[in-house]
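Shown next, in structure tokens, is the structure this report addresses.
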Amino acid sequence: MGNGRVHFTVTPPAYRSGVTLAAPLLNPSQQALLDTLGAGRNDRPTFAAELGPQLRAQLEDGLRPLLVVLDTLGVEKLWVSKHKVSSIHACEVRFLAEEDRGFDGWTVPMARGTIAHRAIELSMNVRGEPVPAELVDHTLSSLTEGETNGLADWLQSISEFERADLRGAAIDKVGAFLETWPPLKPGWRPRTESKARVDLLDDRVTLQGKVDLTIGTAEGTRAGKVLVDLKTGGFSPSHVDDLRFYALVETIKLGVPPRRVATHYLESGNLLPEDVSEAMLTSAAVRVVDAVNRWLDLRSGRLVPVLKPSASCRWCPVLAECEGGRQHLAAVEEW
């Protein structure tokens, strides 16, 4: 990826005709995205080799006093995800309700994201011009026969109408990605749903994340990776914090931060980038420690959960008995 307006050539293998195909021209949206995320080697920052260990120490120092609480609650291991951290910093009433309720099973909106991301991953490796419907159909077929968190059983149980709804929504999301993203060259090392984790305090606490798309790689202590989250809806402040959490985990895992993080909204084509800095990562570590402290205080009964109504009240499992949430939604609708 280069800095400024970049024109590159992708030379795919010869196909049926035996003729080498020319690289497709980039539309303005694809070129703008490439310009925003790309950077020449001299424009990529370097970071101190001690940054990763310092962030790990910051987290462990902040979380170590909580080991006593974990023992009191009978929790052998605490798994911390970006969703947990964001939920705690949002409405604590909803957070506790969702944690008590657990996983309710697959739904069309949930499965849509999984299928679309798998199909997007497939698009990076298929030969020839990728066709969204073919990518989604292959993904649906492979997941229906697989064993992924009960998804296969759910796919086998849904009606044809639900499957058609799921297929259409996934095709739309994959098509939007292919329309707005330039072809990703293998040399950029693109990866989808890239997992990372950091084990802290002798494996008592684990930070884990899964990024929709990563591009690039570090060179020594020179940052080169870009982390991207793909969203189908509109902007939420939590999206920024989610990517900072991913950057924190990535930095501790590899010892080198990502160069940049970005949220890409598929429906609008908008891209919200942010350069990674030491200050950002330090702030993200503080946010994690604060969230886990609050989490365990709530679980031990030492704190009363704080109600923070928002648009997300629509999907809260306790909305029916939450007067504050219902009043907030009513006021929003009236406005």
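The values are calculated or read from the model by the stated rules, or taken from the named source; none is laboratory data. All values derive from a computational prediction rather than experimental measurement. Please note: Cβ atoms are built from the backbone with ideal geometry, for glycine as well, and neighbour counts cover all protein chains shown.
On the stretch given as region 48-58, residues that are within 24 Å of the chain's Cα centre (by Cα) and within 22 Å of T214 (Cβ to Cβ) total 4. Considered as a group, the residues in region 168-203 that are under 30 Å from R56 (Cβ atoms) and of a type in the set (D, E, K, R) include one that is surrounded by the most Cβ atoms within 10 Å (Cβ to Cβ), and that residue is R191.
Residues in region 165-194 that are under 22 Å from P109 (Cβ atoms) and within 20 Å of the chain's Cα centre (by Cα): 13 in all. One residue stands out in region 88-107 among those that are under 15 Å from V292 (Cα atoms) and not aliphatic (A, V, I, L, M): the one that is surrounded by the fewest Cβ atoms within 10 Å (Cβ to Cβ), namely E99.
Only a single criterion out of (1) in contact with a Pro (Cβ under 6 Å, 6 or more places away or on another chain); (2) closer than 17 Å to E121 by Cα is not satisfied by K210, namely (1). Of the residues that make up region 236-245, is at least one small (G, A, S), buried (at least 19 other Cβ atoms within 10 Å of the Cβ) and not in a helix (DSSP H, G or I)? Scanning region 236-245 turns up no residue that is small (G, A, S), buried (at least 19 other Cβ atoms within 10 Å of the Cβ) and not in a helix (DSSP H, G or I). Look through A32, A39 and report the one residue that is outside the structural domain of L178 (by TED's automatic domain parsing), closer than 23 Å to R244 by Cβ and more than 21 Å from the chain's Cα centre (by Cα). Matching residue, one of A32, A39: A39. Restricting attention to region 169-213, the residues that are in contact with a Phe, Trp or Tyr (Cβ under 7 Å, 6 or more places away or on another chain) and without any contact (Cβ under 8 Å) to a residue 40 or more places away in the chain add up to 1.
Go over the candidates R299, R314, R260, R326 one by one and state the one that is touching an Asp or Glu at 6+ places or on another chain (Cβ under 8 Å) and of a type in the set (K, R).
Only one candidate qualifies: R260.
The residues of region 87-103 that are out of contact with any helix residue (DSSP H, G or I) (no Cβ under 9 Å at 6 or more places or on another chain) and not aliphatic (A, V, I, L, M), listed by number, are D100, R101, G102, F103. T263 falls short on exactly one of the conditions (1) part of a loop (DSSP other than H, G, I, E, B); (2) within 16 Å of the chain's Cα centre (by Cα), and that condition is (1). Selection of region 42-71 for residues being modelled with pLDDT of 95 or more, over 18 Å from A285 (Cα atoms) and among the polar types (S, T, N, Q) yields only T46. Scanning region 207-223 for residues that are of a type outside the set (K, R) and either surrounded by fewer than 19 Cβ atoms within 10 Å (Cβ to Cβ) or not assigned by TED's automatic domain parsing to the domain that holds L271 (or both) returns Q208, T217, E219, G220, T221. Among the residues of region 231-246, are any aliphatic (A, V, I, L, M) and either assigned by TED's automatic domain parsing to the domain that holds E193 or touching a Leu at 6+ places or on another chain (Cβ under 7 Å) (or both)? Yes.
Within region 266-303, can you find the residues that are farther than 28 Å from L200 by Cβ, assigned to a loop (DSSP other than H, G, I, E, B) and not polar (S, T, N, Q)? Answer for region 266-303, where residues must be farther than 28 Å from L200 by Cβ, assigned to a loop (DSSP other than H, G, I, E, B) and not polar (S, T, N, Q): L266, E267, G269. Taking the stated definitions as given, is P45 touching a residue at least 60 places away in the same chain (Cβ under 8 Å) and at negative phi? Taking the combined requirement at face value, the residue satisfies it. Checking each residue in region 64-90 for being assigned to a loop (DSSP other than H, G, I, E, B) and more than 26 Å from the chain's Cα centre (by Cα) picks out G74, V75, E76. Yes or no: region 139-148 includes at least one residue that is within 17 Å of D104 (Cα to Cα) and in contact with a helix residue (DSSP H, G or I) (Cβ under 9 Å, 6 or more places away or on another chain). Yes, because at least one residue in region 139-148 is within 17 Å of D104 (Cα to Cα) and in contact with a helix residue (DSSP H, G or I) (Cβ under 9 Å, 6 or more places away or on another chain).
Residues in region 150-164 that are in a helix (DSSP H, G or I), among the hydrophobic types (A, V, I, L, M, F, W, C) and either in contact with an Asp or Glu (Cβ under 9 Å, 6 or more places away or on another chain) or within 12 Å of W106 (Cα to Cα) (or both): 4 in all. Looking at this structure, is V211 within 15 Å of the chain's Cα centre (by Cα) and over 20 Å from R44 (Cα atoms)? Against the criterion (within 15 Å of the chain's Cα centre (by Cα) and over 20 Å from R44 (Cα atoms)), V211 qualifies.
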